[in-house]
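Accompanying notes for the structure given below.
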Amino acid sequence: MNTRLPPPIILLLAAGAVWGIDWLVPAARVNAPWLSTSALALAAAAGTVMLVAAVWFARQKTTINPLHPERASHLLTTGPYAISRNPIYLADAALLLAWALWLGNGAGVLMVPVFMRTLTRLQIRPEEQALALKFGEAYRDYCRRVRRWL
């Protein structure tokens, strides 16, 4: 699989864009006391999802490296992977939303769907192709049962 930007770099670039939007469009800031609490709760939930998903990889003794899905030894379809085919990427999107909420900038929230679309195009689709080659009909059946994001 030929990926130019690893998912963590895409997330950092999107987080930087949210910060840049906050800096460039201060008029979009919302001053609500519940935003920081919501941001922390969402970030904690995202961290929990990431941890559980990573443990799922470790239990199956398969690679978590998104740059080499062809090295996967098992197709994960249970636990968090029964809800989303990409729980770690979903948690990344939640972290980005938490960052926008923390900054209190409504315009920054618009980066979340941009991030999701970019990640789908640059990472998830090539990853899906590699997994389909590796696991065949079992993966295609999994894709019919479980959505890409939620």
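The values are calculated or read from the model by the stated rules, or taken from the named source; none is laboratory data. These numbers were taken from a predicted model, which means no experiment stands behind them. Counting neighbours? That spans all protein chains shown, and the Cβs are built from the backbone with ideal geometry, glycine included.
If you check 102, 34, 19, which single one turns out to be surrounded by fewer than 18 Cβ atoms within 10 Å (Cβ to Cβ) and out of contact with any Phe, Trp or Tyr (no Cβ under 9 Å at 6 or more places or on another chain)?
34
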Original post:
Do you know which residues across the stretch 131-150 are under 18 Å from the mean Cα position of the chain (by Cα) and either under 13 Å from residue 10 (Cα atoms) or modelled with pLDDT of 95 or more (or both)?
Top reply: 131, 143, 146, 147, 148, 149
Subject >> Single residue of 113, 87 found to be touching a residue at least 24 places away in the same chain (Cβ under 8 Å) and not hydrophobic (A, V, I, L, M, F, W, C) >> reply: 87
Original post:
Looking at this structure, is residue 99 under 21 Å from residue 12 (Cβ atoms), part of a loop (DSSP other than H, G, I, E, B), under 16 Å from the mean Cα position of the chain (by Cα) and not small (Gly, Ala, Ser)?
Top reply: no
**OP:** Please verify whether the stretch 125-133 includes one or more residues that are under 15 Å from residue 77 (Cβ atoms) and surrounded by fewer than 18 Cβ atoms within 10 Å (Cβ to Cβ).
**Re:** yes
Original post:
Which numbered condition trips up residue 75, out of (1) assigned to a helix (DSSP H, G or I); (2) in contact with a Phe, Trp or Tyr (Cβ under 6 Å, 6 or more places away or on another chain)?
Top reply: (1)
Subject >> Hits in the stretch 37-56 - residues which are surrounded by 14 or more Cβ atoms within 10 Å (Cβ to Cβ) and either at pLDDT below 95 or of a type in the set (Val, Ile, Thr) (or both) >> reply: 49, 52
**OP:** Find the residue count for the stretch 68-99, including only residues that are surrounded by fewer than 18 Cβ atoms within 10 Å (Cβ to Cβ) and touching a Lys or Arg at 6+ places or on another chain (Cβ under 7 Å).
**Re:** 2
